[in-house]
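Written below as structure tokens is the structure these notes are about.
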Amino acid sequence: MMWLEVAVEADGPNAVIRPCGEIDLTTAGILWDTLDRVIQQVAIPKIEINMCDVSFMDCAGVRTLIPIKQHAREQGGTFVLTHIPPVVERLLAAVGLDHELEPCERPPRPPLRSVPTELLAWPWSTSR
């Protein structure tokens, strides 16, 4: 069974939303209702969604975030995602929205390791 809990915290005049669980077709309405209530508040300059506890998100989650971001922008506020787990980051990148949702505070990516050129030479060896 899929589940989602959403906590809302005040950070000064800003709002921090913390979804915990899976954001999909069956749970996106919970996130939508919470975000809609926050957006209706008077003059919230920044809405941050801390995604660190999201274990899964599908396109239903994306369809929830985009209109909320647009509405926040229309109200003169900002909307950012923080602490984005790799599973969500891959989805946003796959649908081309990784920059549209203004993610910030991405965890540092591990550096690329160089491979000795002799390991890349043709023909490749299958010996162990």
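The values are calculated or read from the model by the stated rules, or taken from the named source; none is laboratory data. Every value quoted in this text rests on a predicted model; they were computed, and no experiment measured them. Cβ atoms come from the backbone with ideal geometry, glycine included; neighbour counts cover every protein chain shown. The accessibility values were calculated without ligands, DNA or RNA, using every heavy atom of the protein model including side chains. Shrake-Rupley method; radii C 1.70, N 1.55, O 1.52, S 1.80 Å.
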Task: Residues within region 27-51 that are open to solvent by 60 Å² or more (accessible area, probe 1.4 Å) and either of a type in the set (D, E, K, R) or at pLDDT 95 or above (or both), tallied - done: 3
Open item on the list: Can you find, within region 8-53, the residue that is nearest to Thr82 (Cα to Cα) among those that are of a type in the set (A, V, I, L, M) and assigned to a strand (DSSP E or B)?
Closed with: Ile49
Task: Residues satisfying the stated conditions in region 1-26, i.e. in contact with a Gly (Cβ under 7 Å, 6 or more places away or on another chain) and among the β-branched types (Val, Ile, Thr) - done: Ile23
- [ ] Give just the number: which of (1) modelled with pLDDT of 90 or more; (2) touching a helix residue (DSSP H, G or I) at 6+ places or on another chain (Cβ under 7 Å); (3) farther than 21 Å from Ala7 by Cβ does Leu97 not satisfy?
- [x] (1)
- [ ] Would you be able to say whether some residue in region 15-35 is in contact with a Pro (Cβ under 6 Å, 6 or more places away or on another chain), on the phi < 0 side of the Ramachandran plot and hydrophobic (A, V, I, L, M, F, W, C)?
- [x] yes
Task: Of all residues in region 75-87 being open to solvent by 50 Å² or more (accessible area, probe 1.4 Å) and modelled with pLDDT of 85 or more, the one that is nearest to Arg18 (Cα to Cα) - done: His83
Open item on the list: Condition check: within 21 Å of Leu97 (Cα to Cα) and charged (D, E, K, R). Does Arg63 satisfy that?
Closed with: yes
TODO: Determine whether Phe56 is of a type in the set (A, V, I, L, M, F, W, C), at negative phi, open to solvent by less than 10 Å² (accessible area, probe 1.4 Å) and assigned to a strand (DSSP E or B).
DONE: no
- [ ] Please verify whether region 44-55 includes one or more residues that are under 14 Å from the mean Cα position of the chain (by Cα) and farther than 17 Å from Val8 by Cα.
- [x] yes
